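First up is the structure itself, then whatever we jot down about it.
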Amino acid sequence: MNMTHSPAFPDDVPIKNRRAVLFALTGCALGVGLWPDDILAQGQPTAHGFGFDGLMGGRVELGTYRGRALMVVNTASQCGFTGQYRGLQALWQTWRSRGLTIIGVPSNDFGGQEPGSSGEIARFCEINYGVTFPLAARTPVIGAAAHPFYRWAEASFGAAARPRWNFHKILIGPDGRVRAAFPSAVEPADPRIAQAITAALPAPRRRAG
């Protein structure tokens with residue numbers, strides 16, 4: 001990407017938004033996936049403003065998990081990476097008491113590998129992998145029909161947040177900002193994921209006295 005010339009903006013685009021766009025473009029060009037603290041502090045929308053329909057009804061509102069770290073993963077039942085459900089469940093069991101929530105987002109976007117009904121998806125996950133973490137209803141995650149959370153994640157963090165296949169992982173900090181994104185081939189047990197989770201977890205509360 002040629003970054004020699006900055007893009008032109010209409011006069012009514014706020015300076016902070018221009019800076020965010022320029023940083024995103026630079027990050028994409030350099031393969032960098034982190035926002036500087038001054039942009040994070042500018043009051044941009046966070047993940048806590050989004051929610052998904054629940055797999056078996058109700059809603060999975062991300063704002064419910066304010067103050068916790070979130071890992072949002074687009075999933076599928078007929079994918080070569082489907083076995084990662086087991087690793088995600090292990091992450092959930094290991095880290096939930098320390099402030100991490102896993103949220104699975106079944107999607108049929110890649111290879112038509114999630115064709116089942118909500119009931120079929122729920123039974124598959126429970127019977128084969130004992131999944132107990134929250135699951136959303138089947139949801140588009142790419143293209144014009146992508147859920148607003150996924151459009152926001154890419155706009156705020158850059159191309160690294162855009163799923164390119166099933167089991168792409170987006171890590172959200174307790175403040176609702178994207179902290180990291182991992183492609184499908186990075187297993188839940190990968191040390192890089194543990195390191196990122198550790199860094200994203202809420203600070204432990206100090207005991208009074």
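The values are calculated or read from the model by the stated rules, or taken from the named source; none is laboratory data. Being a predicted model, the structure only gives us computed values, none of them experimental. So basically every Cβ, Gly included, is an ideal-geometry build from the backbone, and we count neighbours across all protein chains shown.
Summary table
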| read-out | value |
| --- | --- |
| Considering residues of the range 155-172 that are farther than 16 Å from PRO188 by Cβ and over 10 Å from the mean Cα position of the chain (by Cα) only, the residue surrounded by the fewest Cβ atoms within 10 Å (Cβ to Cβ) | ARG164 |
| Matching helices (runs of 4 or more DSSP H) fully within the range 1-97 where at least 1 residues are touching a Pro at 6+ places or on another chain (Cβ under 9 Å) and either of a type in the set (Asp, Glu) or modelled with pLDDT of 95 or more (or both) | 84-95 |
| Output for the range 128-148, where each listed residue is closer than 20 Å to LEU88 by Cα and outside any loop (DSSP other than H, G, I, E, B) | ASN128, TYR129, LEU135, ALA136 |
| Any hit, the range 132-139, residues being modelled with pLDDT of 95 or more, among the small types (Gly, Ala, Ser) and over 20 Å from GLY57 (Cα atoms) | no |
| Lone unmet requirement of (1) touching a strand residue (DSSP E or B) at 6+ places or on another chain (Cβ under 6 Å); (2) assigned to a helix (DSSP H, G or I) for CYS125 | (1) |
| Set ALA137, ALA122: member being surrounded by fewer than 17 Cβ atoms within 10 Å (Cβ to Cβ) and either assigned by TED's automatic domain parsing to the domain that holds GLN84 or aromatic (Phe, Trp, Tyr) (or both) | ALA122 |
